[in-house]
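Let me begin by presenting the structure, written as structure tokens, before commenting on it.
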Amino acid sequence: MDDLRDKYIDLIANAGSESALEDLRVQAIGKKGEISLQMRELGRMTPEERQVAGPRLNALKDEIASALAAKKEALANHALDERLRSEWLDVTLPVRPRRQGTIHPVSQVTEEVTAIFADMGFAVAEGPQIESDWYNFDALNIPGHHPARAEMDTFYTHRAEGDERPPHVLRTHTSPVQIRTMQEQGAPIRIIAPGRVYRADYDMTHTPMFHQIEGLAIDKDISMANLKWVLEEFVKAFFEVDDVELRFRASHFPFTEPSAEVDIRCSWEGGTLKVGTGDDWLEILGSGMVHPHVLRAGNVDPDEWQGFAFGMGIDRIAMLKYGIPDLRAFFDSDLRWLRHYGFAALDVPTLRGGLSR
Ligand code: PHE
């Protein structure tokens with residue numbers, strides 16, 4: 001019995017894992033374990049022998065059991081120590097210097113424009129980028145045969161064979177948001193609507209996706225004079241100059257009457273653009289008084305309400321303000337370009353804090 005004891009105490013002391021311990025338990029005090037088998041032998045002993053061997057075997061069984069439990073706990077403690085050692089972390093170390101992302105010029109300029117118009121009481125409206133052709137064209141007084149439909153290089157969605165409904169379009173301008181806002185809010189209205197627009201076109205100054213910002217002001221007595229003042233205020237604030245001269249050039253859009261394209265006075269001395277002085281003119285937007293057909297499509301009564309609308313290219317004014325030569329680079333996701341032209345993440349433009357720094 002002493003041999004048995006020494007054997008198991010030794011094996012338990014050297015066991016390296018919980019599963020090895022479990023094997024030893026089965027081997028020693030499991031149902032068919034060595035000690036259990038010895039206990040069965042008690043039945044064949046004389047009562048005198050049994051009186052001596054019985055308690056000794058029981059004591060041995062208990063000793064082995066508690067040796068197993070103690071070793072099990074030691075193994076668990078050791079495993080925990082190992083884990084604490086290997087996963088140790090010095091939280092007082094300084095963080096690794098990491099490059100911060102930058103705000104894309106389109107996002108920055110959208111924020112700038114929004115801040116300027118918000119100051120003049122314009123709220124922000126939105127519409128879907130996938131539009132019905134009714135919102136993109138018909139409601140804006142561009143009927144099916146109108147050349148503007150072809151001119152816009154429209155992307156159409158696919159319809160299943162035999163589906164006679166007109167296909168949806170990727171909106172070619174933000175003007176459908178005019179209709180949606182009139183329908184949803186009714187007059188009076190004072191909103192801008194920035195967003196993505198799509199036309200099949202690609203060169204230095206055109207990409208198939210670009211950004212516009214629409215403006216719409218509807219009230220009882222809004223006139224071209226209000227349009228002119230609002231745009232002058234906007235251009236002065238945006239380009240951060242005290243004085244600008246705007247030129248309203250008679251033009252034509254199906255959804256405005258009269259219509260005007262607006263140019264700003266500028267110069268290109270030494271290849272850099274200067275806004276406000278000079279002998280050149282630069283077109284920045286299309287505008288006009290909202291056509292009665294358009295008001296009617298938006299359920300606004302043209303005998304009671306009138307207003308102006310304008311549409312401006314965000315990417316285009318971003319290029320002008322920040323001297324970015326190629327529009328295509330805007331959407332290449334080239335990190336070097338983004339770091340060069342991007343803005344600090346916390347540099348939120350406000351009229352009081354400064355639009356750009
Ligand atoms: N939607 C016109 C365009 O994309 C711009 C515009 C908007 C013109 C509103 C007049 C009024 O070119």
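Between 0 and 90 degrees, rounded to the nearest ten: what's the tilt of helix 18-29 against the longest Cα principal axis of the chain?
That works out to roughly 30 degrees.
Using the structure shown, select from 32/71; 7/61; 32/61 the pairs with a Cα to Cα distance greater than 18 angstrom.
Too far apart for the 18 Å limit: 32/71.
At most 13 other Cβ atoms within 10 Å and a DSSP loop assignment: could you name the chymotrypsin sites (Phe, Trp or Tyr not before Pro) in the stretch 244-280 that fit?
Taking the stretch 244-280 and a limit of 13 other Cβ atoms within 10 Å, the loop chymotrypsin sites (Phe, Trp or Tyr not before Pro) found are 268.
Looking at the stretch 107-183, which GluC sites (Glu not before Pro) are in a loop (DSSP not H, G, I, E or B) and have at most 12 other Cβ atoms within 10 Å?
Answer by residue number: 161, 164.
Pairs of Cα atoms under 8 Å, at least six residues apart: use those to get the relative contact order of the stretch 3-146, whole percent.
19 percent
Taking the solvent-accessible surface of protein heavy atoms with a 1.4 Å probe, what is the per residue accessible area of the stretch 2-86 in Å²?
So the stretch 2-86 comes to 70 Å² accessible per residue, rounded to a whole number.
Can you give me the relative contact order of the stretch 2-86 as a percent, contacts being Cα pairs under 8 Å and 6 or more apart?
34 percent
Going out from 0 in 5 Å bins, what whole percent of all Cα-Cα distances in the stretch 105-344 drops into each bin?
1, 6, 13, 17, 19, 17, 12, 8, 4, 1, 0, 0
Could you work out [θ]222 nm for the chain from helices alone, using -39500 (n - 2.57) per DSSP H run of at least four and dividing by all its residues? Round to the nearest 500 deg cm²/dmol.
-12500 deg cm²/dmol
DSSP loop (so not H, G, I, E, B), at most 10 other Cβ within 10 Å: list which GluC sites (Glu not before Pro) in the stretch 35-98 pass both filters.
Answer in residue order: 87.
What is the percent carbon and sulfur in the accessible area of the stretch 105-344, measuring with a 1.4 Å probe over the protein chains and ignoring ligands?
Carbon plus sulfur share of accessible area: 49 percent.
Ignoring ligands, DNA and RNA, what accessible area per residue does the stretch 105-344 give at 1.4 Å, in Å²?
Heavy-atom SASA per residue in the stretch 105-344 reads 48 Å².
Along Cα→Cβ, 7 Å out, is where each label goes; now give me the distance between the ones at residue 73 and residue 129 in nm to one decimal.
6.4 nm
Give the calculated FRET efficiency between residue 157 and residue 280 to the nearest 0.05, with a Förster radius of 41 Å applied to their Cβ-Cβ distance.
Given R0 = 41 Å and the Cβ-Cβ separation, E is 0.50.
May I ask you to compute the full-extension gain from residue 296 to residue 118, defined as 0.36 nm times their residue separation minus their alpha-carbon distance, rounded to one decimal in nm?
61.4 nm
Using a 10 angstrom cutoff on alpha carbons, build the Gaussian network for the chain and name the most mobile of 75, 285, 170.
Most flexible of the set in this elastic network: 75.
Take the chain, connect every pair of alpha-carbon atoms lying under 10 Å apart with a spring to form a Gaussian network, then pick out the residue of 196, 336, 85 with the largest mean-square fluctuation.
In this elastic network of the chain, the residue with the biggest mean-square fluctuation among 196, 336, 85 is 85.
Label points 7 Å out from Cα along the Cβ direction at residue 209 and residue 185: separation in nm?
Using points 7 Å along Cα→Cβ, the separation is 2.6 nm.
Grab the alpha carbons of the stretch 83-225, take their convex hull, and tell me the volume per residue in Å³.
Value for the stretch 83-225: 287 Å³ per residue.
The values are calculated or read from the model by the stated rules, or taken from the named source; none is laboratory data. The model shown is predicted, which means the values in this text are computed figures rather than measured ones. Note that we place each Cβ from the backbone using ideal geometry, even for glycine, and neighbour counts take in every protein chain shown. Surface accessibility is based on the protein's heavy atoms, side chains included, excluding ligands, DNA and RNA. Shrake-Rupley method; radii C 1.70, N 1.55, O 1.52, S 1.80 Å.
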